[in-house]
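The values are calculated or read from the model by the stated rules, or taken from the named source; none is laboratory data. Since we're looking at a predicted model, the values are computed, not measured. Reconstructed Cβ throughout: ideal geometry from the backbone, glycine too, with neighbour counts over all protein chains shown.
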Amino acid sequence: MTTLVTGAAGFVGSHLIELLEQDSAQIIAFLRPGTEPLVSGTRVIWHGVELHDRESVAAALKAFEPTEIYHLAGVRMSTRRSPETCSARITCSAPCAACN
């Protein structure tokens with residue numbers, strides 16, 4: 001079993017990584033490029049992926065072929081809207097009710 005965790009370098013993601021290490025065969029941990037992981041593990045592969053870049057996400061998913069995905073990545077919100085914040089709503093790989 002291969003488990004993918006997005007937002008793995010964050011508070012919740014790092015705690016999930018620790019829990020998954022007890023059961024999962026392999027853990028793929030996506031983190032924002034340039035971010036340092038909060039935890040380390042023997043079965044964790046850290047991979048810097050910009051989630052706003054569909055091609056990078058698609059390539060990583062194809063390369064690792066996860067059987068489970070925990071999507072914990074978030075967008076830092078501010079009082080001003082930025083292009084990064086606005087584009088976060090359109091990065092889904094398939095249309096769903098949550099994106100509309």
### Query
For residues in the range 12-59 being polar (S, T, N, Q) and either modelled with pLDDT of 85 or more or buried (at least 16 other Cβ atoms within 10 Å of the Cβ) (or both), which is farthest from Thr2 (Cα to Cα)?
Ser56
### Query
How many of the residues in the range 3-38 are under 14 Å from the mean Cα position of the chain (by Cα) and assigned to a strand (DSSP E or B)?
9
### Task
Specify which of the listed residues (Thr2, Thr91, Thr67) is modelled with pLDDT under 90 and polar (S, T, N, Q).
Thr91
